[in-house]
Every structure is written in C-alpha cells, then in structure tokens.
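Working notes, beginning with the structure itself.
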Amino acid sequence: MRLTPGRLVAGAVALALLSGITGGLLGAAASGSDGDGRPAAAAAGVTGCDVTQVAATVFPSLVTVNVRRGATGGLGSGSVLDRDGNILTNDHVIAPAFGAGTTPATITVDFARGASEVPATVVGRDPATDLAVLRVDPAAATLTPIAIGDSSAVVVGQPVVAAGSPLGLNSTITAGVVSALNRWIDVGQGAEPAALVNAVQTDAAVNQGNSGGPLTDCAGRQVGVNSAGAQPPEGGGGSIGLNFAIPIDFAVSVAEQLIAGKKATHPVIGVMSVSVTDEIARATGLPRGALVEQVVPGFGAARAGLRTGDVITQIGGTAVNGTDQMLVAIRTHKPGDTVDVRFSRGGAAQNAQVPVTEP
C-alpha cells in the first residue's frame, strides 16, 4: 500500500504503511523459522541489547492479525494488552474489513506462542491516529500481556527491537536503534486524514506485515507501535532503515478510550499554519515557528486572542520550529487543558493561555 511522500519524507523516498496484502505474501507464512524450529531473528550490530532475551519476553504477547473479505484481505501484527483479550494494532491493518461492498469480513489472530485462527472482534478504531483495538475471547487462547514501557524516556541512539510478521513470516524479530524522535508523519489516504504524531524513528528493519507490532526496549517493554516506513519510489526495496512507530504512551491513551467505548479525542487549538523555514526566516525576518494563516472562530486560539500573522514559537514549554512541531506539542495535551502559547507579533514576543479543545 503506497502513499505519496509524507511531510517528513519527500523526493527520494515514499512513505508506505506496513500492512501486508494477501496473495503471494501469505505463501511465505508457512516458513517462520530458521530451519531448526527456532524463530527467525536478526540482531547484528546492536550493542548492549540481548535480543535473544527480548524475543523470549515478547513473543508470548505477539500476534499476527489476518483480515479476510472474500478473495482479498490483509495481514499485520499486534500485541496483547491485557487478560481481557484486548489487542493493540494499527487501524490500517483492519481497514480492509470496512471497505465498500456487501461481502462479510472476518478477522482472526494467530498467537506467536499459542493458538491460531482465533476469531477477533473490533473494539474500536481511530483512523486519524492509525490505531485500533481488537478483542478475542479470553478462553480461546493463553493471554500474556506485553510489558508497557515509557516512550517519554526513549532517547536517540538507544537500542530497540521490532517484532511482527513481515511478509507473513510470523515470530520475526529485528533490532536497531532510535534514529530520531518527535516526527510528524502524514499517513492519510485520500479524503481520510491520518497522522503518526510524535513518532519514533528507527532503523530496525520493518516491512509489510510489521504494522501494529511492538517496538520494544532491551527489557522487552513496548515503547512504540510499528506503523510506517520509507521506501524507494520505484518500490521493491524492502526496509531502507527509515521506519516510524507511534509512541506507546500515546497509543495506550487512545486504546484506553476505545476500550471504554469512547471515541478517541484529538486536541486542537484552532489555527491553520505554515512553517517558517530557515529560508523564509532569512527572507522575511520572522522567527522560526508556525506562522498562523487562519484562526478558527470559536476555538481556543481565537478566544485567547491569537491573530493571523502571529508566529507560534513555543507551546507548553516545547519549542516550535514549524507546523509539525506545533501539532506534536498540542497532541501531548488533552481537551480541557489550558496551554501556555508563546508567539511573535510584529517582532514582539508575547504569550497567551490557550484552551485546548476537540474539533
């Protein structure tokens, strides 16, 4: 499933969601080991991380998600959240079950260390953040919840491990490092907007079928949900070491809302903006930041007095160098919060207390 280049990845590479499409890919699923019954794994080049131990810790919590709709479908990965049978995955993994047509869809999960073809139902989905929760009958499988880490403590350069079912090869594990933090990745398709907010960038190899699977630290604690990767525009190149995961702190907050039967909230302050790049800053004398092009009436920014032409430079103590960083900073707050926004107006630094609301 290929997308146009995202806001971060442009020109030389294109962003692709990492769900697998049934057909030739599923033919590979029969061979998920290295020939002697052990799971396929790759751990070269990672220092200070016992990938063998991580695999032993994570695999009991890892599932492959299979979607069938007539002769078509897809696959992805997921992780067990709790003993009630809730499973965290990406929304685009299960999206084929909700396409146009009258053919009924089925969703099943295969446990990396347990039962196969276990029927699953959709608890809730949030296409805007590419997250979804499935549920299986707790009596149908042995449930081992994955340990949840702290994505706010992740640092650039630390080793990480990705687990999932690339190309249908279940129980696959790869390793790498955190390459960057706080990426804003546009993964929307057509008229349906979606974004990975505050994403963790990693060079751990992830490919089609890894979507929804866990990115973990060296203790096997999940710190992200593998979701998208960059590929050459001509395709066929597999992972090129530019891959992105949704931070687990954010993913769990969305999952908890879905499990509670609620619609996931998406905080906004009500501005449309463009980034002030270095080039624009030199040409105009404006500071780096998010240049407000429109203030939406009735939302927090309008109530706090922000105007067209203001340049937002900081939100809640987080520096804002452009629109992407602004969106990331806002998403760390909840509707009902009030956030301190610093901005430049006519060359003078100002600040305002801006209510955070829902769209």
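The values are calculated or read from the model by the stated rules, or taken from the named source; none is laboratory data. None of the values given here were measured: they were computed from a predicted structure. Neighbour counts are summed over all protein chains in view; Cβ atoms, including those assigned to glycine, are modelled from backbone coordinates with ideal geometry. The accessibility values were calculated without ligands, DNA or RNA, using every heavy atom of the protein model including side chains. Shrake-Rupley method; radii C 1.70, N 1.55, O 1.52, S 1.80 Å.
Summed over the stretch 110-128, residues that are over 22 Å from the mean Cα position of the chain (by Cα) and among the basic types (Lys, Arg) total 1. Within the stretch 297-340, which residues are within 13 Å of Glu358 (Cα to Cα), without any contact (Cβ under 8 Å) to a residue 40 or more places away in the chain and in contact with a Pro (Cβ under 9 Å, 6 or more places away or on another chain)? Correct list: Gly336, Thr338. The set of residues in the stretch 129-177 being within 17 Å of Ile259 (Cα to Cα) and under 15 Å from the mean Cα position of the chain (by Cα) consists of Thr129, Asp130, Leu131, Ala132, Val133. Test Asp137 against the stated conditions and say whether it is open to solvent by 10 Å² or more (accessible area, probe 1.4 Å) and either of a type outside the set (A, V, I, L, M) or in contact with a Cys (Cβ under 9 Å, 6 or more places away or on another chain) (or both). The answer is yes for Asp137.
Apart from one condition, Gly85 fits all of (1) in contact with a helix residue (DSSP H, G or I) (Cβ under 9 Å, 6 or more places away or on another chain); (2) surrounded by fewer than 24 Cβ atoms within 10 Å (Cβ to Cβ); (3) under 22 Å from Asn207 (Cβ atoms); the exception is (3).
Evaluate the following for Ala175: is it among the aliphatic types (A, V, I, L, M), under 16 Å from Val225 (Cα atoms) and assigned to a strand (DSSP E or B)? In short, yes. Selection of the stretch 242-253 for residues being out of contact with any strand residue (DSSP E or B) (no Cβ under 8 Å at 6 or more places or on another chain) and crowded, with 24+ Cβ neighbours inside 10 Å yields an empty set.
Of the candidates Ala219, Ala194, Ala205, Ala228, the single residue that is touching a residue at least 40 places away in the same chain (Cβ under 8 Å), among the small types (Gly, Ala, Ser) and more than 16 Å from Ala162 (Cβ to Cβ) is Ala194.
In the stretch 178-189, the residue that is farthest from Ile248 (Cα to Cα) out of those that are assigned to a strand (DSSP E or B) and open to solvent by 20 Å² or more (accessible area, probe 1.4 Å) is Gln189. Answer yes if at least one residue in the stretch 83-101 is under 17 Å from Ser171 (Cα atoms) and at pLDDT below 95, and no otherwise. The answer is no; no qualifying residue exists. Meeting the requirement of 2 or more residues that are modelled with pLDDT under 95 and buried (at least 17 other Cβ atoms within 10 Å of the Cβ), the strands (runs of 3 or more DSSP E) wholly within the stretch 254-359 are 271-276, 289-295. Looking at the stretch 135-168 only, could you name the residues that are touching a residue at least 24 places away in the same chain (Cβ under 8 Å), of a type outside the set (Val, Ile, Thr) and farther than 19 Å from Pro247 by Cα? Selection gives Arg135, Asp137, Pro138, Ala140, Ala141, Leu143, Ser165, Pro166, Leu167, Gly168.
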